[in-house]
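What follows draws every value from the coordinates through simple rules; no lab data is involved. Keep in mind it's a predicted model, so treat the numbers as computed, not measured. In this analysis, Cβ positions are derived from the backbone assuming ideal geometry, glycine residues included, and neighbour counts consider all displayed protein chains.
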Amino acid sequence: MRLAHFRDLVLVTRPGVVMTPRPASEGLVACSLDLLGERPAAVADVGTGSGPLALAIAAAAPRTRVWATDTSPAAVALARENVRRHRLDGRVIVREGDLLDPVPGSLDLVVANLPYLPAGEQGLDAGLAREPVDALFGAGDGLDPYRRLLGACRERLAADGALVVQFRRLVLCARRNELDVLGRRLEDEATLALEAA
């Protein structure tokens, strides 16, 4: 286990088991907080890993309740430990499961940094060598997790809800009525990245 800094938080992480929180993901938190403002909100952090996004949002937006999900039992255990360390029990609920499956009701915001790199890029970036493969790479063009999340958000986001995602170093945001536009943008960015590789 190791400690990592993310915004104003110190988190327990396990290199090689969950992604190490990175400064590039802080933009997801900033965008999420801008969208949330001061209102009460139900938020989901999908693919939470050790919980940096969920914890940072909950710490900065005290009227939110954040559901943090991950398919990895090890990630869920780490996220729960970090929730306890930061005394956010009851405001950050960590559940094991796929995407939004473990989250009840409609959501005001979904935030995600899911695997999006094509499997063919594995080994090309030395900075990612110690990160877990399944947190970074997907089959084909790598976009399947985001395609599935877009579908889930069409059903689960409130009418004025939003989705915020990270793709490569971009932070992309869409309201519920803009999800198709976001989907096309992700497809275009993935195509450009494959052509540039």
Fill in the blank from the handout: Karplus ³J(HN,Hα) for the stretch 158-164 (6.51 cos²θ - 1.76 cosθ + 1.60, θ = phi - 60°; Hz, whole; x = Gly/Pro) runs 4, 3, 9, x, 9, 10, 10
Handout entry: Calculated FRET efficiency for the pair Asp89/Glu155, C-beta based, R₀ 41 Å, to 0.05
Key = 0.90
Completion exercise
Counting Lys and Arg as +1 and Asp and Glu as -1 over every other residue whose Cβ sits under 12 Å from the Cβ of Leu179, the net charge comes to +4
Fill in the blank from the handout: Expressed in nanometres to one decimal, the distance between label points 7 Å along Cα→Cβ at Ala60 and Asp144 is 3.3 nm
Completion exercise
Assertion target for Asp45, Asp70, Asp34, Asp98, ordered by fewest C-beta neighbours within 10 angstrom first, is Asp34, Asp98, Asp70, Asp45
Exercise for the section: Could you please report the charge total around His86, scoring K, R as +1 and D, E as -1 over all other residues with beta-carbon less than 12 angstrom from its beta-carbon? Expected result: +3
Fill in the blank from the handout: Mean shadow area (nm²) of the C-alpha convex hull around the stretch 51-114 is 4.0 nm²
Completion exercise
Exposure-ranked with fewest Cβ neighbours within 10 Å first, Leu149, Leu88, Leu33 stand as Leu33, Leu88, Leu149
Practice task
Sticking with the crude label model, points 7 Å out along Cα→Cβ, report the distance from Arg175 to Glu26 in nm, one decimal please.
Solution key: 3.0 nm
